[in-house]
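Quick notes on the structure that follows.
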Amino acid sequence: MSAVKTAARGVFSVAVFALILYLVDAHDVIDAMKEANAASAVTAVAFALGAQVFSAIRLRQLLVMQEIALSVQKVLSIGLTASFYGLLMPGGTLAANAARFVQLCRDARVETIAAALVVDRAVATVFLCVIGALAIAFDKAEPAWVGVIVAGMLCAMGIFLIGRRSLVWLAARLDALANAEWPGRFRRFGVRLGRALSIYTSTSGGEIRIVLATSLLAHLSGCFAYYAIALGLGFDISFLTICWIRSGVILATLVPVSLAGIGTREIATIALLVPLGFAEVQAVGFSIMIFLSTSVVIGLIGGFVELVGATGRRWTRGI
């Protein structure tokens with residue numbers, strides 16, 4: 001069944017991407033991409049790496065709360081290699097998270113890693129939505145009342161998801177399920193996972209501030225990466241507009257119907273940029289440049305890190 005889903009996603013990605021290039025003319029897309037200067041691409045890659053660093057610091061802090069001692073360099077290396085696997089394996093972001101989970105489990109218990117990753121992804125997604133909503137609210141390109149409504153709804157969702165009460169509820173729910181008629185192995189895992197999640201309900205203010213600050217910096221770095229590409233392509237667009245466009249694009253790529261977000265990314269950029277007065281060719285060129293700068297290059301760096309690590313492990317075993 002998984003092979004069928006993988007094949008379906010591959011066919012969907014290739015078909016949608018090919019159709020878009022056919023409709024907008026691939027030659028025009030290439031010409032639009034040629035307008036981008038090398039400096040903007042390098043800047044985008046640098047900011048994308050910065051986002052990876054801040055994300056690694058956030059995850060390390062969540063691991064420290066579980067009494068798992070890993071260096072920022074170690075967590076960053078795992079994050080980069082996860083990006084590499086997410087680029088190659090079906091599922092994209094889901095595959096990257098699975099790769100990160102497997103690698104982290106080499107150094108700690110499964111339930112503590114699962115708890116840290118669940119909270120990490122929840123915080124990251126909430127910040128993505130909240131930053132996008134706030135950008136819409138303050139962006140003059142959108143009707144103010146629409147932005148206020150969307151921002152209010154997403155802020156409320158964010159407060160709920162990152163609040164301690166939500167973690168208390170989740171931990172209690174897992175504990176209740178674990179005491180039900182579950183098979184023994186699942187029951188024990190549910191208990192351990194519930195206890196691991198409950199740790200985040202009693203954290204100090206300083207620890208919470210580190211998680212929130214690094215989340216904000218990670219998303220702002222990602223926004224600046226998108227903004228660098230937009231400026232390199234000659235877009236007349238504000239930073240606030242780029243912030244909510246990035247949120248929309250990333251949320252679209254999280255839908256598990258394509259490989260590495262190919263196809264859905266282009267649909268999202270067209271849907272978000274064309275109403276602002278940009279041509280479809282510009283939107284597709286922007287999408288491809290974003291994919292190359294923030295996904296492909298980062299994934300290749302992660303592949304190099306994985307290759308160096310694998311070579312080092314083999315050399316150590318040889319000794």
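Points to keep in mind about this one:
- Complete set of residues in the stretch 38-50 that are closer than 24 Å to Ile208 by Cα and either buried (at least 23 other Cβ atoms within 10 Å of the Cβ) or among the charged types (D, E, K, R) (or both): Ala48
- Filtered residues of the stretch 78-107 (kept if farther than 22 Å from Phe54 by Cβ, of a type outside the set (Lys, Arg) and not in a helix (DSSP H, G or I)): Met89, Pro90, Gly91, Cys105
- Residue list for the stretch 17-29, restricted to those being of a type outside the set (Gly, Ala, Ser) and open to solvent by less than 90 Å² (accessible area, probe 1.4 Å): Phe17, Ile20, Leu21, Val24, Asp25, Asp28, Val29
- Of the residues making up the stretch 83-100, those that are of a type outside the set (S, T, N, Q) and closer than 18 Å to Ser215 by Cβ number 2.
- Selection from the stretch 214-236 of residues that are hydrophobic (A, V, I, L, M, F, W, C), more than 24 Å from Leu59 (Cβ to Cβ) and open to solvent by less than 20 Å² (accessible area, probe 1.4 Å): Ala228, Ile229, Ala230, Leu233, Phe235
- Meets criteria (touching a helix residue (DSSP H, G or I) at 6+ places or on another chain (Cβ under 6 Å), within 30 Å of Arg195 (Cα to Cα) and modelled with pLDDT of 85 or more) for Thr81: yes
- For the stretch 124-139, a residue qualifies if it is within 19 Å of Val211 (Cβ to Cβ) and either in contact with a strand residue (DSSP E or B) (Cβ under 7 Å, 6 or more places away or on another chain) or not polar (S, T, N, Q) (or both), and the qualifying residues are Ala124, Val126, Phe127, Leu128, Cys129, Val130, Ile131, Leu134.
The values are calculated or read from the model by the stated rules, or taken from the named source; none is laboratory data. Note that the structure is predicted; figures quoted are calculated from it, not measured. Neighbour counts run over all protein chains shown; Cβ positions are idealised from the backbone, glycine included. Surface accessibility is based on the protein's heavy atoms, side chains included, excluding ligands, DNA and RNA. Shrake-Rupley method; radii C 1.70, N 1.55, O 1.52, S 1.80 Å.
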